[in-house]
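*Asks:* Provided herewith is a single structure, encoded as structure tokens, for subsequent inquiry.
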Amino acid sequence: MLNCSTKAICSRGFTPNVISVRYRRVNVQKPRKPDHYRAVVETVTKPKYPWPKPSDMTWSERCPKPFSKALKQIENNPYENILAKELKELFEQSAMVAIFHKNPVKGEIDFKTRKTFKMADMDHVVYGKSTLKLALAETNYAAVLNLFQSHSSIVFSSTSQVPKLLKITKKMPHLILLASIVDGKLLSKNQTVEYGNLVNIENARSRLIGVIGQVNNRCLQTIGQTQLTMVRYLEQYGQSLDVNTKKKSTEELD
């Protein structure tokens, strides 16, 4: 059943009444005075002191945060000292150290990354900047501290297996190689790639020995060639003397 209002609208004799409504604009230039309660609130919340302008302030007043950090005293943490000692031993005992910039990833991908490095006899670890500074501040590896400005990670290996490291990191786009320390020498990213593309040191030694052997054989051949030619000439001369002596003996007998 239809409602009464619906029936009235649908009937032929219904004529709607149009009522004009005027929307007043807000006078921005001369606004209306607020009521008493709002005027009291605005008066109470009005600032008593003028807001300082940055252009009128000195640099020390504009940014007091670095000065507060500089004056802040860092407490000695025994656990951090233990971590710094372990990190220093890892740097000194490892034949290869690779430093990466680590982009944020899920925990599952991070776990797979550590597992992959562990299966390759490598350790993928993450240390804080304060721990790194405490461990490497007064060592030969102090130049590496400038690389740890943001999220970073380190890979340690007891053997220098650079080609294997580069092969693994190709499948890990969230790790960006910054530098490496191979056999006590700091290498940049390009130098690490060049070092990884080199031939195995044992094969290189065998090639070097082969080249040295070839040079030695050539020297012996050039030195011994003159002696061989001299021996050949002497043999020919001796044979010619034997022939001459035989001819003279036959002539005397005749």
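*Asks:* Could you tell me which of the pairs Lys167/Lys189; Lys106/Lys171; Lys112/Lys133; Lys115/Lys164; Lys118/Lys167; Lys102/Lys164 are separated by over 25 angstrom between their Cα atoms in the structure shown?
*Replies:* Working: Lys167/Lys189 14 Å; Lys106/Lys171 16 Å; Lys112/Lys133 28 Å; Lys115/Lys164 15 Å; Lys118/Lys167 15 Å; Lys102/Lys164 19 Å.
Where the Cα-Cα span goes over 25 Å, the pairs concerned are Lys112/Lys133.
*Asks:* Quickly work out the Lys88-to-Asp121 label distance, labels modelled 7 Å from Cα along the C-beta direction, and quote it in nm with one decimal.
*Replies:* 2.8
*Asks:* In addition: Based on the Cα coordinates of the stretch 78-197, what is the per residue volume of their convex hull in Å³? The partial results should precede the final answer.
*Replies:* Details: hull volume 12.2 nm³, N = 120.
In the stretch 78-197, the Cα hull volume divided by residue count equals 102 Å³.
*Asks:* Given the Cα-Cα distance of Leu186 and Asp35 and 0.36 nm per residue of separation, how much length would full extension add, in nm? Each step should come with its number before you reach the end.
*Replies:* Values: separation 151, 0.36 × 151 = 54.36 nm, distance 7.46 nm.
Between Leu186 and Asp35, full extension yields an extra 46.9 nm.
*Asks:* Next question, about the same structure. For labels at Ala142 and Leu178 in the simple 7 Å Cα→Cβ model, what's the distance in nm?
*Replies:* Between Ala142 and Leu178, the simple spin-label model gives 1.8 nm.
*Asks:* While we're on this one: With +1 on the Cβ of every Lys and Arg and -1 on the Cβ of every Asp and Glu, and nothing else charged, how large is the dipole of the stretch 78-197 about its Cα centre, in debye rounded to the nearest 20?
*Replies:* Working: 16 positive and 11 negative charges, 106 e Å.
Value, rounded to 20: 500 debye.
Bear in mind that the values in this text are calculations on the coordinates, not laboratory data. Because the structure is a prediction, the values reported are computed rather than measured. Every residue, glycine as well, gets a Cβ built from its backbone with ideal geometry; the counts of neighbours run over all protein chains shown.
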